[in-house]
Each structure stands twice: as structure tokens, then as C-alpha cells.
Amino acid sequence: MRRICRHIAGLLTALLGLAIGPALADKAQYLDMARRGWSYELRSTMVGRDMSIPVHINGRDLKGAQICLVGEPPTEGSRAVLDAFRTLLEHVHGVPVPLHEAGADISACGSGRNVILRLYSGPPPNRALGRDLAWMDRVYELGLPSRHVWAASSPAMAQTFFGRKGSGTHVMVQQAAPGAAGPLDQEYFRSLLVEELFQNFTFGMDILHLDAQVPFLSKLEENPLRLRHAAWGSSGFKSAMLSSNPPALCAFDIFMLHAVARAPVDETTTPDFLTYIDAEFAPLQALTEATMGEPRFAPVLDPACAPREAAKLRQ
């Protein structure tokens with residue numbers, strides 16, 4: 001659900017052939033997925049943005065950046081995801097990821113490298129979203145249009161802006177309301193938060209998954225749904241969302257996290273990044289296998305890499 005102002009350039013062809021063995025097939029699949037999620041160019045931007053501000057896209061740019069919580073305090077489930085994801089990032093990058101709880105005042109986040117995370121339950125706090133972005137615009141000189149009306153378009157959304165004093169990332173994610181502790185709610189809200197955190201710390205984009213017969217490889221894959229008229233809080237909406245992609249990170253996602261952390265490239269959206277993955281596939285795969293086996297990362301991992309059946313979650 002990433003709403004960063006970019007468009008993926010073109011469709012990319014699969015690399016698999018009928019005669020490829022299992023190990024090589026895995027490599028070919030991973031390279032294809034990396035192209036689809038990380039090879040893109042900035043084609044358009046919001047009307048009114050200052051186009052003289054340069055754009056630089058590298059998944060390492062947020063290495064060690066602070067996650068600053070604003071709005072509601074995290075639920076037990078949200079905190080479990082945040083703690084496990086921060087531990088995972090520290091494991092991969094070798095530096096800790098600070099967590100600061102600013103409460104209602106976003107200015108308490110400070111002017112350093114931040115990922116602003118606003119958690120909410122119930123209706124989306126669109127006025128607070130507008131205030132958050134106005135503050136970020138002042139701090140980072142993002143050049144945002146002054147009269148733009150900001151509103152949530154989905155229960156989880158993220159926006160990254162590039163300014164004269166650094167980039168600014170804002171994430172707004174719905175979490176469970178007090179008393180909502182059933183399996184369906186737990187899995188749904190975990191899925192929302194895991195996806196937004198991963199995309200923001202890797203700059204990976206959504207990947208269409210159109211063939212129901214093909215297994216999923218990534219949390220970033222999504223089976224497109226028509227939910228325009230469905231209420232966000234309804235069990236039908238939550239069930240449909242959970243059926244559209246895996247609820248947490250797959251082995252491929254961990255592979256890409258390691259690749260982003262280690263690739264000696266200026267930007268992780270260029271052909272050089274894919275060349276690095278091709279050359280270093282075996283070491284990256286070994287790192288991935290070791291990471292997937294760590295119990296401390298379990299709240300953000302899905303080894304099965306499969307969408308959930310809502311009927312089972314309601315039991």
C-alpha cells in the first residue's frame with residue numbers, strides 16, 4: 001500500500017525456463033521478483049511539489065533511523081511487531097533502531113532522521129495527518145503544496161518525501177481497538193504494520209500477484225481486490241485483505257533486506273543492484289536461511305509465505 005510518488009517503469013518478463021534445476025530456478029525467481037519490486041523510476045509527482053529538490057532512493061538511507069511514534073500508544077500486538085522488526089533491522093544492518101514515543105506532539109520527534117509512525121484505531125485521523133505533514137514540511141523543507149488536503153486512502157499508508165534538509169517518511173497504520181483481540185484482528189493488524197515497516201526500510205514496491213496457482217514469494221505481492229465500498233473495520237474487509245497476500249515477511253523479503261544492507265550501490269533501484277544480487281546470490285541466501293531460523297524475529301516472519309484462510313482465523 002505504498003503511496004510514495006513513483007511509478008514502476010514497465011512490465012518485466014519472467015526468467016524461468018522448463019529445464020532449470022531447483023537451485024537455479026530459485027535464483028531466477030528471486031531476480032525476477034527483485035526487478036519487479038525494486039527496479040523503478042520516478043515518472044510523476046504530486047501537483048505543486050517543488051521539482052528542483054533532488055530524489056535519491058537507497059534502502060540503506062534509513063539505516064539506524066529513529067522510529068518516532070505519534071498518536072495512540074501501541075497495542076500489545078503492535079509493540080511485538082515493532083520490537084521484532086527493530087531487532088531484525090539491527091541484526092541485518094549492525095546498528096540499533098531507536099524507538100521514541102512522542103505522544104500527541106510530533107515536534108517531540110526532533111529534526112533528525114525519522115520514520116514518523118502514527119498509530120490509530122477507529123476512523124483515520126486526517127487532521128492529525130495534515131498537521132504531521134505540515135510539521136515535516138517545515139523541518140525538512142519538502143516543498144509540499146501549501147493547500148493540499150491530506151486524507152487516508154487505506155487503513156495503512158506511507159509517504160516518503162525528499163526535501164532540501166533530508167527526506168521525510170510518514171506512516172499511518174490502523175491498529176486494533178481496545179477489546180479487539182480475536183485471531184482475525186490480531187493477524188490483520190499485524191499484517192498491516194509489518195508491510196508498511198518493511199516497505200519503508202527497503203523502498204520495495206507492491207508487486208501484482210495475478211495467478212492463483214503460483215505460490216507467493218513475498219509479502220509485497222498482492223492479489224488485487226475490489227474493496228472500494230467495503231467498510232475498513234468489517235470482518236469481510238479484513239478477511240479479504242488477509243487473503244490477498246502473506247501476513248508477514250517471507251524468505252525472499254529477508255533476502256532483499258540483506259541485499260539492501262550490503263549492496264555497494266548508490267541507489268537500490270538501478271541495474272547495478274540486480275547485478276550485485278546475481279553475483280552474491282549464494283551468500284545472501286545463506287544469510288537469509290540463518291535469519292529465518294531465529295525465533296526472536298517470529299512476530300514479523302511467515303515461513304509458509306501464504307495468505308491466511310479467514311474461516312480458520314474466526315474459529
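The values are calculated or read from the model by the stated rules, or taken from the named source; none is laboratory data. These numbers were taken from a predicted model, which means no experiment stands behind them. Positions of Cβ are backbone-derived with ideal geometry, glycine not excepted, and every protein chain shown enters the neighbour counts.
List of remarks:
- Selection of first residues in the range 288-309 that are closer than 14 Å to Pro247 by Cβ and of second residues that are β-branched (Val, Ile, Thr) and buried (at least 18 other Cβ atoms within 10 Å of the Cβ), restricted to Cβ pairs under 7 Å at least 6 apart or on distinct chains, gives the following pairs, ordered by first then second residue: Pro299/Val81; Val300/Val81; Val300/Val194.
- Evaluating Pro96 against the criteria (1) out of contact with any Asp or Glu (no Cβ under 9 Å at 6 or more places or on another chain); (2) within 12 Å of Ala65 (Cα to Cα) leaves one unmet condition, (1).
- Verdict on Thr268 being part of a loop (DSSP other than H, G, I, E, B) and under 22 Å from Trp38 (Cβ atoms): yes
- The range 67-86, subset over 16 Å from Glu187 (Cα atoms) and surrounded by fewer than 17 Cβ atoms within 10 Å (Cβ to Cβ), residue nearest to the chain's Cα centre (by Cα): Asp83
Okay, residues lined up against (1) among the polar types (S, T, N, Q); (2) within 19 Å of the chain's Cα centre (by Cα):
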| residue | (1), (2) |
| --- | --- |
| Ser107 | yes, no |
| Gly112 | no, no |
| Val115 | no, yes |
| Arg118 | no, yes |
| Ala128 | no, no |
| Asp137 | no, no |
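- Residue count for the range 258-275 satisfying the condition of being touching a residue at least 40 places away in the same chain (Cβ under 8 Å) and either under 27 Å from Ala212 (Cβ atoms) or among the acidic types (Asp, Glu) (or both): 2.
- Filtered residues of the range 214-231 (kept if assigned to a loop (DSSP other than H, G, I, E, B) and either under 20 Å from Phe252 (Cα atoms) or among the acidic types (Asp, Glu) (or both)): Val214, Pro215, Phe216, Leu217, Ser218, Lys219, Leu220, Asn223
- The residue of the range 234-256 that is farthest from Lys27 (Cα to Cα), among those that are touching a residue at least 12 places away in the same chain (Cβ under 8 Å) and in a loop (DSSP other than H, G, I, E, B), is Ser243.
- Conditions (1) more than 15 Å from the chain's Cα centre (by Cα); (2) crowded, with 22+ Cβ neighbours inside 10 Å; (3) not acidic (Asp, Glu); number of the one not met by Ser239: (2)
- The criterion of at least 1 residues that are acidic (Asp, Glu) and surrounded by fewer than 20 Cβ atoms within 10 Å (Cβ to Cβ) is met, among strands (runs of 3 or more DSSP E) falling completely within the range 91-204, by 99-103.
- Candidate set from the range 167-198 (those that are among the polar types (S, T, N, Q) and out of contact with any Asp or Glu (no Cβ under 8 Å at 6 or more places or on another chain)); member that is farthest from Arg138 (Cα to Cα): Gln186
- Residue list for the range 181-196, filter: touching a strand residue (DSSP E or B) at 6+ places or on another chain (Cβ under 9 Å) and either among the β-branched types (Val, Ile, Thr) or within 14 Å of Pro74 (Cα to Cα) (or both): Phe189, Leu192, Leu193, Val194
- Close pairs from the range 158-187: first among the basic types (Lys, Arg), partner at pLDDT below 90, Cβ under 7 Å, at least 6 apart: Arg164/Ile53
- Pair list, Cβ < 8 Å and 6+ apart or interchain, from the range 33-56 residues that are under 16 Å from Ala259 (Cβ atoms) and of a type in the set (S, T, N, Q) to residues that are surrounded by fewer than 18 Cβ atoms within 10 Å (Cβ to Cβ) and modelled with pLDDT of 70 or more: Ser39/Thr270; Ser39/Pro271
- The combined condition, being within 23 Å of Asp50 (Cα to Cα) and in contact with a helix residue (DSSP H, G or I) (Cβ under 7 Å, 6 or more places away or on another chain), is fulfilled by Val115.
- Condition check for Leu257: more than 20 Å from Glu309 (Cβ to Cβ), within 19 Å of the chain's Cα centre (by Cα) and among the aliphatic types (A, V, I, L, M): yes
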